[in-house]
Every structure is written in structure tokens, then in C-alpha cells.
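Since the structure comes first, as C-alpha cells, the remarks are kept for the end.
Where a number appears in this text, it was derived from the coordinates with a stated rule and is not lab data. Remember, predicted model here, so these are calculated numbers, not experimental data. Cβ atoms come from the backbone with ideal geometry, glycine included; neighbour counts cover every protein chain shown.
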Amino acid sequence: MRHPYDTATGTIALGLLLTAVLAALLPLVAG
Amino acid sequence: MDPLFDLALRWTHFIAGIIWVGHNYSSVVQRPGWRPLAAADLTDDTSPRFQALLNREHGFFRWASVVAWSAGLLMLWQRGWLAGALTLDGALAPIGLGTWIGTLMMLNVWFVLWPHQQKVLGLVPASVDERLRCSRITHLSSRTNTMLSIPLLFFMAASSHGGLAG
């Protein structure tokens, strides 16, 4: 099974996913 | 703070950031998929693939990462925002998160990618098998930074242009 980083699409998709997760969490953790 | 100095810092931050992350993006465009090196690529230093590797992996982007990171911290410090950003305090939370991501990326360059890259390039003695193993690690390390640059740029933009609660 290929690692997500082994394709440009996988790398970018992970980046977008992480962005969405962090943007959703940030208001919850911001002081 | 002198506005011209602030402008120079921001300009430096942009240029160094583009040199640094542009290196990662260039790699993705040139080699979107993982292609394992062959032993011959490493044992024959005149091979086109090894030469291409050498040409890509020079010190420019490593030092650009330090310049970009330092200029960013200095801008925050000059405004008296550094502690608030690092503790994700209120409206400083987006740039604070960007700062933490950028810090992780710089540590990744210097302490994960570079030690392995030195072996791949033959700058540090290693067996061919070890160099091939390290080439996989440098690939994953490089792509980690490409991936992290996406939220990094988002939170840098969000800090200046709003759009997020905080």
C-alpha cells in the first residue's frame, strides 16, 4: 500500500484535511 | 518600530519562505510520485539522476528556513505579540499556530531531512543500502513539510486577513 506522501494528490489532500481540522479546533483552544 | 524595518522584515520573510517552501513544491511538480533510487544512482556519481539530486539538494533552502523563521519571530517580538502568539492567545492564535507549524517544519529540515540527506549525497560515509534507506526518509520528510505548508500558509493568511474566530 502506498503512503499518502507518495503522490502529489495524497500530500495535498492530507494538507487540506489538517488545515480543516486545525481551523475547527483553533477556536476551542485559543485563550 | 521603524515601518521601513518592519517592511524589510516582512519582505525577507516572504522571499526566504518562497525559497524554502518553493523547493518543496518544485520537488512535488518534478517528481509527483515516489520513485525509489537504484544502487547504480548512488554508486555512479555521474548518473543524471544523482546529479539532479545533488543540484536540488543544496544548502539554499536549509538556510532560507532559518531566515524565514527568524524574520517571522522578530516581527512578532517587535510587536510584543510573541508570547501571546505562542500561547495561542485570542486573536493571536492563528499566527501562533502558524508559528508552531513553521517551527516544526524548520526542525524537520535540520534534524530529520538534513542528517539523512547527507548520507544520500555521500557527504557522510554510509553503505549503499543505508543511503537507499535514507533516500526514503528524506522523501517522507520533504513531503511532510510540503503537507504542513498548506495549513501554515492558511494560518498566516488568516492572521492578517481574518476569517477565523479568535
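Quick notes
- For residues of B:27-34, the mean tally of beta carbons on other chains within 10 Å: 3
- Per-q log10 I(q)/I(0), the protein assembly as shown, q = 0.19 Å⁻¹ (Debye; single scatterer per alpha-carbon; no solvent): -1.29
- The eigenvalues of the Cα gyration tensor, multiplied by 5 and square-rooted, give the stretch B:51-166 an equivalent ellipsoid with semi-axes of 34, 13, 11 Å from largest to smallest.
- For the pair B:Ser26 and A:Leu28, a Förster radius of 35 Å applied to the C-beta separation gives a FRET efficiency near 0.45, rounded to the nearest 0.05.
- Each of B:Thr144, B:Leu4, B:Ala93 was placed along the dipole of the protein assembly as shown (beta-carbon charges, centred on the mean Cα), and the one lying farthest toward the positive end is B:Thr144.
- Annotation: for a label point projected 7 angstrom from Cα along Cα→Cβ of B:Ser47, residues of the stretch B:1-37 with backbone N closer than 14 Å are B:35-37.
- For the stretch B:1-96, the relative contact order works out to 36 percent when only alpha carbon pairs closer than 8 Å and six or more residues apart are counted.
- Kyte-Doolittle mean at least 0.0, axial Cα span of 18 Å or more - DSSP H helices of chain B: B:3-30, B:60-78, B:93-108, B:128-161
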